[in-house]
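As structure tokens, the structure follows; a few thoughts come after it.
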Amino acid sequence: MHVIAVSNRKGGTGKTTVSVNLAAELAASGRRTLLIDLDSQGHCGLALGLRPHTGQPNVHQLFTNPEARLTTAIQPTPFANLWLVPADPLFDHSQSGQDDYRLKNALVAESLAERFDLVLIDTPPSLDRLLINGLLAANRVLVPYIPHYISVESMRQLVRLLFRIMTRQNRELKILGFVPTLSAEHIRQHRTVNAQVGGEFGAARILPGIRNDIRLAESFAAGKPVRLYAPKSRSAQDFARLGQAVILHLELPVPPASSAIAP
């Protein structure tokens, strides 16, 4: 099972947008996909038309209740092959406990590899135990970024953190790639920054970018992935390319023709 942490220390980079729409693309390809919303803003559920309610099981209960189970919090979405573990929007990050491996151990102990082909984790931007849990549970990390100069320094900080984790705590973790968001190749600064990212971190690691598109904001409001809300939009085309690139990078086998599973 591939576990992909979608992460950036800088907020506003499109991390949740990438998490939701990439998960939707992978699910549409026939892969059983689980999206875990580790960011307590809880926007993954809203983007999939699932609004939180009082008493709902969620991923953050893992960090406050030693008896909590991840499988209890898994919810079907309205979209085939896609499930969600929602966040707790009221979660207090200071109450996240002392266990850096809580999420990883839950994935293993509850045998989720037998139920899902891929797990995507939308991580919080803050450097705290939740982010560390997400990175230690993953074997790949995907980094969305806006091609502005300040983003490069944020990515340097993240890569330093990743290097420490990859060498000391999680040797399975590898960088899957960097995804430029709100990207516009006709803007010189964007071309310059993307070239700089490629020069520092490897040009082969820059994955297909996501162009600025009002349809993405509209799809969030509608509670649908953009591939279903506006299938002919440029952002839907971009996420289709990104999904195919991730499938190729991970060398995922072709799923059986009958693998689509309704929620």
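The values are calculated or read from the model by the stated rules, or taken from the named source; none is laboratory data. All of these numbers come straight from a predicted model, not from anything done at the bench. Neighbour counts run over all protein chains shown; Cβ positions are idealised from the backbone, glycine included.
Out of the residues in the stretch 157-196 that are in a helix (DSSP H, G or I) and exposed (fewer than 13 other Cβ atoms within 10 Å of the Cβ), state the one that is farthest from the chain's Cα centre (by Cα). Working first, answer last.
Here is the first cut: in the stretch 157-196, the residues in a helix (DSSP H, G or I) are 157-168, 188-196.
Retained after the next criterion (residues that are exposed (fewer than 13 other Cβ atoms within 10 Å of the Cβ)): 160, 163-164, 167-168, 188-189, 192.
On the way: ARG160: 20, PHE163: 19, ARG164: 21, THR167: 22, ARG168: 23, ARG188: 28, GLN189: 26, THR192: 26 Å.
The selected residue is ARG188.
How many of the residues making up the stretch 81-97 are out of contact with any His (no Cβ under 7 Å at 6 or more places or on another chain) and crowded, with 16+ Cβ neighbours inside 10 Å? Full working, then the answer.
The first filter runs over the stretch 81-97 and keeps only residues out of contact with any His (no Cβ under 7 Å at 6 or more places or on another chain), leaving 81-86, 89-90, 92-97.
Checking which are crowded, with 16+ Cβ neighbours inside 10 Å leaves us with 81-86, 89, 96.
Count: 8.
Can you find, within the stretch 27-56, the residue that is surrounded by the fewest Cβ atoms within 10 Å (Cβ to Cβ) among those that are free of Cβ contacts under 8 Å to residues at least 24 places away in the same chain and not small (Gly, Ala, Ser)? Please lay out each step first, then the result.
Keep residues of the stretch 27-56 that are free of Cβ contacts under 8 Å to residues at least 24 places away in the same chain, which gives 51, 53-55.
Retained after the next criterion (residues that are not small (Gly, Ala, Ser)): 51, 53-54.
Numbers: ARG51: 11, HIS53: 7, THR54: 5.
Among those that are free of Cβ contacts under 8 Å to residues at least 24 places away in the same chain and not small (Gly, Ala, Ser), it is THR54.
Inside the stretch 98-123, can you point out the residues that are more than 18 Å from GLN169 (Cα to Cα), surrounded by fewer than 23 Cβ atoms within 10 Å (Cβ to Cβ) and either touching a residue at least 24 places away in the same chain (Cβ under 8 Å) or of a type in the set (D, E, K, R) (or both)?
Matches in the stretch 98-123: GLU110, LEU112, ALA113, GLU114, ARG115, PHE116, ASP117.
Residues of the stretch 154-168 being closer than 15 Å to GLN196 by Cα and either of a type outside the set (Gly, Ala, Ser) or free of Cβ contacts under 8 Å to residues at least 60 places away in the same chain (or both), which ones? Before you say what the answer is, go through the steps one by one.
Step one: filter the stretch 154-168 for residues closer than 15 Å to GLN196 by Cα, giving 154-156, 159.
Those that are closer than 15 Å to GLN196 by Cα and either of a type outside the set (Gly, Ala, Ser) or free of Cβ contacts under 8 Å to residues at least 60 places away in the same chain (or both): MET155, ARG156, VAL159.
Is there a residue in the stretch 143-151 that is in a helix (DSSP H, G or I) and surrounded by fewer than 19 Cβ atoms within 10 Å (Cβ to Cβ)? Write out each step before concluding.
Narrowing the stretch 143-151 to residues in a helix (DSSP H, G or I): 149-151.
Those left that are additionally surrounded by fewer than 19 Cβ atoms within 10 Å (Cβ to Cβ): 149-150.
Yes, some residue in the stretch 143-151 is in a helix (DSSP H, G or I) and surrounded by fewer than 19 Cβ atoms within 10 Å (Cβ to Cβ).
Checking VAL254 against (1) more than 25 Å from LEU127 (Cα to Cα); (2) surrounded by 14 or more Cβ atoms within 10 Å (Cβ to Cβ); (3) among the β-branched types (Val, Ile, Thr), only one condition comes out false. Which one?
Of the numbered conditions (1) more than 25 Å from LEU127 (Cα to Cα); (2) surrounded by 14 or more Cβ atoms within 10 Å (Cβ to Cβ); (3) among the β-branched types (Val, Ile, Thr), the odd one out for VAL254 is (2).
Taking the condition in a helix (DSSP H, G or I), out of contact with any Asp or Glu (no Cβ under 7 Å at 6 or more places or on another chain), in contact (Cβ under 8 Å) with a residue 40 or more places away in the chain and closer than 30 Å to ARG51 by Cα, does SER219 pass? First the steps, then the outcome.
Working: in a helix (DSSP H, G or I): yes; out of contact with any Asp or Glu (no Cβ under 7 Å at 6 or more places or on another chain): yes; in contact (Cβ under 8 Å) with a residue 40 or more places away in the chain: yes; closer than 30 Å to ARG51 by Cα: yes.
Here the answer is yes, as SER219 does meet what is asked.
Do any helices (runs of 4 or more DSSP H) entirely within the stretch 1-116 hold 2 or more residues that are under 16 Å from LEU142 (Cα atoms) and of a type in the set (A, V, I, L, M), and if so, which?
Values: elements: 15-28, 43-47, 102-109.
Because the criterion is at least 2 residues that are under 16 Å from LEU142 (Cα atoms) and of a type in the set (A, V, I, L, M), the helices (runs of 4 or more DSSP H) in the stretch 1-116 that meet it are 15-28.
Inspect all residues belonging to the stretch 238-251 and state whether any of them is in a helix (DSSP H, G or I), among the acidic types (Asp, Glu) and either surrounded by 15 or more Cβ atoms within 10 Å (Cβ to Cβ) or touching a helix residue (DSSP H, G or I) at 6+ places or on another chain (Cβ under 6 Å) (or both).
Residues of the stretch 238-251 that are in a helix (DSSP H, G or I), as a first pass: 238-250.
Checking the rest, the ones that are also among the acidic types (Asp, Glu) come to 238.
Narrowing the set further to residues that are either surrounded by 15 or more Cβ atoms within 10 Å (Cβ to Cβ) or touching a helix residue (DSSP H, G or I) at 6+ places or on another chain (Cβ under 6 Å) (or both) leaves 238.
Within the stretch 238-251, one or more residues are in a helix (DSSP H, G or I), among the acidic types (Asp, Glu) and either surrounded by 15 or more Cβ atoms within 10 Å (Cβ to Cβ) or touching a helix residue (DSSP H, G or I) at 6+ places or on another chain (Cβ under 6 Å) (or both).
So which pairs qualify, if the first residue must be in the stretch 3-22 and surrounded by fewer than 23 Cβ atoms within 10 Å (Cβ to Cβ), the second must be in a loop (DSSP other than H, G, I, E, B), the Cβ gap must be under 6 Å, and the two must be at least 6 apart or on different chains?
Within 6 Å, the pairs are ARG9/PRO125; GLY11/PRO125.
Within the set of pairs 6 or more residues apart or between chains, which connect a residue that is among the basic types (Lys, Arg) inside the stretch 131-145 to a residue that is part of a helix (DSSP H, G or I) with Cβ atoms less than 8 Å apart?
Cβ pairs passing all conditions: ARG140/LEU250.
Residue check, LEU182 against (1) more than 18 Å from LYS10 (Cα to Cα); (2) at pLDDT below 90; (3) not polar (S, T, N, Q), all met but one. Which one?
Only one criterion in (1) more than 18 Å from LYS10 (Cα to Cα); (2) at pLDDT below 90; (3) not polar (S, T, N, Q) is unmet by LEU182, namely (1).
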